[in-house]
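> Handing you a structure now.
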Amino acid sequence: MAASRHVLMCEPTHYRIAYEINPWMRTLNAVDGARALEQWRSLYGALTGLGVQVELIDQHPEVPDMTFTANAGVALGAQRGSEGSHTASPRFLPSNFRYPERAAEEPYFIEWFRDRGYAIEEVHRPHYWEGEGDLLPADGRAFGGHFFRTEERSYDHLDELLGVTIERLELTDDRFYHLDTCFCPLGERRALYYPPAFAESSRALLERSFDDLIAVPEAEALRFACNALVVDGGAVVMNTGCPETEAALAARELRAVSTPTDEFIKAGGSVKCLVLMLDAYGS
Ligand code: ARG
């Protein structure tokens, strides 16, 4: 994956556990709002400190999970010609969320991208698809997770919109309900993954597709070790408490930068879920 330098985040001003749509969420397990804000600001500070340009969208009060911008859709940057001229305008493919609680976010994200000159291209409505949470680029290819939130058939239309054949990966463990909770491409045909989260044939496809697949231990997968953001320059930003994963990265000259996200794990998300990449494709 091209390492990120430009992302979209949403400050969690109205983040809370208001419903239960994955096994991590328990409405009784209330978010400490002040702590969540503090953790989000630390992540923001870590990213900007690493040179990442962070765009912001305001959280609408009625959509508590809007802070997880990775699920908004996929942003395709402006395509540049050989002389640096723009050959096509940037495009935003908005998600078709599975649950109505999150589908209510769609208009806010669409408006944000439309206001910034992105052409909005809807993915065929009948099929659920939850954006970058389930669709990750890696080394010129794209990997699409499906089963819990995204329907495999959505990728037929996404293949056309992206102009690539998306490699489809079936997810099998509901604790790892989005692809970005159990898989993190690191560039140079290397990736982190949690093998038991995948159907056997999908695990085999991953094993064929990468030269260096790093299996994360269960305890760290449950601390969202795979839900990391690779930043330009070789830093991998992730939740705290994943020492084996950090050591595996260090052995490959990648530097783990850890920042606490446990208030967000209450909703089933960590670093990568809180970020939407704006430069992963094109430009
Ligand atoms: N509570 C949110 C949901 O269930 C968490 C989203 C996490 N995002 C992600 N990209 N894995 O939709």
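Please treat every number below as a calculation from the coordinates, not as lab data. Everything numeric here is computed off the predicted structure, so don't read it as measured data. Using ideal geometry, Cβ is built from the backbone for each residue, glycine included, and neighbour counts are taken over all protein chains shown.
> Of all alpha-carbon pairs in segment 1-72, indicate the percentage at a distance above 21 angstrom.
For segment 1-72, the fraction of Cα-Cα distances above 21 Å is 31 percent.
> Further, regarding this structure: Return a whole-number percent for the relative contact order of the chain, with Cα pairs under 8 Å and 6 or more residues apart as the contact set.
Across the chain, relative contact order equals 24 percent.
> So, one more: Would you compute, for the Cα atoms of segment 27-69, the largest minus smallest coordinate along each principal axis and list the three values in descending order, in whole Å?
For segment 27-69, the Cα spread along each principal axis is 37, 19, 12 Å.
> Still on this model: Per residue of segment 10-18, in order, report the coupling 6.51 cos²θ - 1.76 cosθ + 1.60 (Karplus, θ = phi - 60°) as ³J(HN,Hα) in whole Hz, putting x for Gly and Pro.
Per residue, the Karplus-derived 3J(HN,Hα) values read 9, 4, x, 6, 10, 6, 6, 9, 9 Hz.
> For segment 85-178, I need the span (max minus min coordinate) of the C-alpha atoms along each principal axis, in Å, sorted largest to smallest.
Principal axes ranked by extent give 43, 33, 21 Å for the Cα atoms.
> Once amide H atoms are placed 1.01 Å from N in the peptide plane, what residues at a sequence separation of 5 or more from A119, or on another chain, have their amide H within under 5 Å of its amide H?
Those lying under 5 Å, H to H, from A119 are R91, F92.
> Would you mind putting 268-276, 50-58 in packing order, based on average other-beta-carbon counts within 10 Å, highest first?
268-276, 50-58
> Sequence-distant or interchain residues sharing an amide H contact under 5 Å with E55, placed H: which?
Those qualifying (amide H under 5 Å, at least 5 residues apart or on another chain) are V7, L8, M9.
> Summing -39500 (n - 2.57) over the DSSP H runs of n ≥ 4 in the chain and dividing by its residue number, what mean residue ellipticity at 222 nm do you reach, to the nearest 500 deg cm²/dmol? Before the final figure, lay out the partial values.
Values: 8 runs with 66 residues, N = 283.
Calculated at 222 nm, the ellipticity per residue is -6500 deg cm²/dmol.
> Please label the shape of segment 148-267 as rounded, prolate or oblate, based on the square roots a ≥ b ≥ c of the eigenvalues of the alpha-carbon gyration tensor (a/c under 1.5 means rounded; beyond that, a/b larger than b/c means prolate, else oblate).
Prolate.
> In µm²/s, what is D for segment 102-147 at 37 °C and 0.692 mPa s, where D = kT/(6 pi eta Rh) by Stokes-Einstein and Rh is the Kirkwood radius from Cα pairs?
264
> For a test of the definition: using alpha carbon positions, the gyration tensor, and the 1.5 limit on a/c, classify the chain as rounded, prolate or oblate.
rounded
> Defining a contact as two alpha carbons under 8 Å apart and six or more residues distant in sequence, what relative contact order in percent does segment 140-283 show? It would help to have the intermediate numbers written out before the result.
Values: 230 pairs, mean separation 23.8, N = 144.
Reported relative contact order: 17 percent.
> Looking at segment 77-227 only, what percent of DSSP beta bridges run antiparallel? Nearest 5 please.
Roughly 55 percent of the DSSP beta bridges within segment 77-227 come out antiparallel.
> Here's a follow-up. What does the convex hull of the alpha-carbon atoms of segment 33-152 project to on average, in nm²?
9.3
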